[in-house]
Amino acid sequence: MNKEMKTNQMVSYVTNSAILVLVLLMMVIYNYIGAKSLVVYSYFVTAFYLLNFFFIYKTWLRLYVWTTYAMLTIYMAVCTVMLGYNYGFNLYSMSTIPLIYYVKYIAKKLGGKDPKPVFWTIAIMLSCTISSIYTVYHGPVYKIGGVPQIVFLGINIVTVCSFLFYFSRRMVILVVESEEKLEIQANFDALTKLSNRYFMRNILLNAVQENNTKAWIAMIDIDKFKVINDNYGHNVGDQILKHLADIMTQVCKDCIVSRWGGEEFLIYGEGDSVSTDIIQQLRKTVEDFSLPINDQLVKFTITAGVSAREDGQTMDKWIISADNKLYSGKASGRNKVVY
């Protein structure tokens with residue numbers, strides 16, 4: 001069972017338990033005020049919510065949700081007809097509707113079927129309206145006022161507000177989590193955990209807009225990476241990419257490192273002059289590094305093209321300048337830094 005399903009199962013347990021406690025509390029009050037038919041009805045409702053625990057345990061959450069929609073709607077209508085609209089049972093429609101759309105959101109995330117929130121919203125609203133209008137014209141079955149009415153109204157208001165708070169908060173948390181995941185997916189490379197090309201282009205664009213002539217970039221490429229993949233396999237190639245990302249992050253601590261694409265990386269830094277020592281140190285560190293694979297050490301090198309930004313230079317020309325220097329280095333022997 002995945003984490004998302006476990007979370008939804010726990011939410012279902014909490015929700016069902018809260019509703020069951022509420023039904024039992026209401027049953028005690030029904031018995032106290034002499035509403036015997038509602039006491040009997042509550043036995044069936046209690047049995048239903050006990051059965052729901054089995055549905056939740058088996059992770060039949062869609063069945064649990066649909067039957068709970070139906071029971072809450074029926075319960076609201078029955079209690080409104082029996083006791084009157086001013087007892088606050090019709091308020092449950094306010095708490096049920098957000099729950100429906102919460103379930104729709106979860107179903108979409110898990111790839112489940114659409115719980116048809118519009119249909120259920122209309123059904124709940126109609127049930128609430130019809131039962132309330134009925135008691136206005138014909139009066140409730142049990143004409144009980146005074147303290148019991150105030151108690152019921154208070155319990156129902158607190159319960160509805162609690163459900164609205166819980167599911168509204170839960171929905172906001174889920175939306176924020178989804179936004180954060182989307183932001184990570186949009187800005188970071190899944191393999192190396194470095195920022196990606198999209199994120200780096202925004203950094204470069206900002207430097208260009210501010211006309212930052214202290215900024216510099218280094219375009220870096222792994223030498224003969226295709227040969228490494230052909231000889232050792234793509235799994236080893238992926239390990240090299242990850243280890244190189246770690247090395248660049250450690251050596252270039254004050255810079256922004258990104259995976260530009262494939263085996264290419266781009267480093268962004270700032271200073272009064274191009275930081276020759278950093279890129280040379282990076283090249284040397286990589287040259288000295290060995291990756292142990294099947295009782296042998298796999299070594300690799302990098303070539304870098306470094307370009308300081310010139311006054312008025314566009315982002316594309318700045319990138320092309322570093323790229324040209326990179327390929328000049330690869331054409332003249334590799335494992336070097338070209339400025």
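When only Cα pairs below 8 angstrom with a gap of at least 6 residues are kept, the chain shows a relative contact order of 13 percent.
Among complete DSSP H helices in the chain, those whose alpha-carbon atoms stretch at least 15 Å along the helix's long axis and whose mean Kyte-Doolittle hydropathy reaches -1.0 are 3-33, 36-57, 61-83, 92-110, 117-138, 147-187, 197-209, 234-251, 276-288, 315-331. Shown is the FRET efficiency for Tyr32 and Ile173, computed with R0 = 35 Å from the Cβ-Cβ distance and rounded to the nearest 0.05: 0.35.
Amide H contacts of Phe188: Asn196, each under 5 Å away and 5 or more positions distant or on a separate chain (H built 1.01 Å from N in the peptide plane; Pro and chain starts excluded).
Inter-label distance, Thr249 to Thr67: 4.8 nm, where each label sits 7 Å from its Cα along the C-beta direction.
Computed from the Kirkwood radius of its Cα pairs, the Stokes-Einstein diffusion coefficient for the chain at 10 °C and 1.306 mPa s stands at 63 µm²/s. Annotation: cysteines of the chain without a disulfide-compatible partner (Cβ-Cβ under 4.7 angstrom) are Cys79, Cys128, Cys161.
Estimated from the Cβ-Cβ distance and a Förster radius of 22 angstrom, the FRET efficiency linking Lys181 and Met5 is about 0.85.
In the context of the full protein assembly, Glu210 retains an accessible surface of approximately 120 Å², using a probe radius of 1.4 Å and ignoring ligands and nucleic acids.
Using just its DSSP H runs of length 4 or more, each adding -39500 (n - 2.57), the chain gives a mean residue ellipticity at 222 nm of -23000 deg cm²/dmol after division by all residues. For the chain, the Cβ-based charge dipole about the Cα centre amounts to some 1340 debye (Lys, Arg positive; Asp, Glu negative; other atoms uncharged).
Only one residue of Ala107, Phe44, Tyr134 has its Cα farthest out toward the positive end of the dipole of region 1-140, where Lys and Arg carry +1 and Asp and Glu -1 on Cβ, and that residue is Ala107. Counting only DSSP beta bridges whose two residues both lie in the chain, roughly 90 percent are antiparallel. Cross-link partners for Lys325 among the lysines, with Cα-Cα distance under 16 Å and sequence neighbours closer than 8 places in the same chain left out: Lys317, Lys336. For Tyr105 and Ser290, a Förster radius of 56 Å and the Cβ-Cβ distance give a FRET efficiency of 0.70, rounded to the nearest 0.05.
Stretching Lys143 away from Asp316 to a fully extended chain increases their span by 54.3 nm, per 0.36 nm per residue minus the current alpha-carbon distance.
Extension gain for the segment Leu24 to Leu126, taken as residue separation times 0.36 nm less the Cα-Cα distance, is 34.1 nm to one decimal.
Expressed as a fraction of 2.2 N^0.38 Å, the C-alpha radius of gyration for region 241-309 is 1.17. Would you mind checking Lys3/Lys284; Lys253/Lys299; Lys214/Lys299 for any pair whose Cα atoms are more than 32 angstrom apart? The pairs that break the limit, which is 32 Å between Cα atoms, are Lys3/Lys284; Lys214/Lys299.
Applying the Karplus relation 6.51 cos²θ - 1.76 cosθ + 1.60 with θ = phi - 60° to region 293-309 yields 3J(HN,Hα) values of 9, 6, 6, 9, 9, 9, 10, 8, 10, 10, 10, 10, x, 10, 9, 7, 6 Hz, where x marks Gly and Pro.
The values are calculated or read from the model by the stated rules, or taken from the named source; none is laboratory data. Computed from a predicted structure; not experimentally measured. Note that each Cβ is placed from the backbone with ideal geometry, even for glycine, and that neighbours are counted across all protein chains shown. Note: accessible area is taken over every heavy atom of the protein model, side chains too, but ligands, DNA and RNA are not part of it. Shrake-Rupley method; radii C 1.70, N 1.55, O 1.52, S 1.80 Å.
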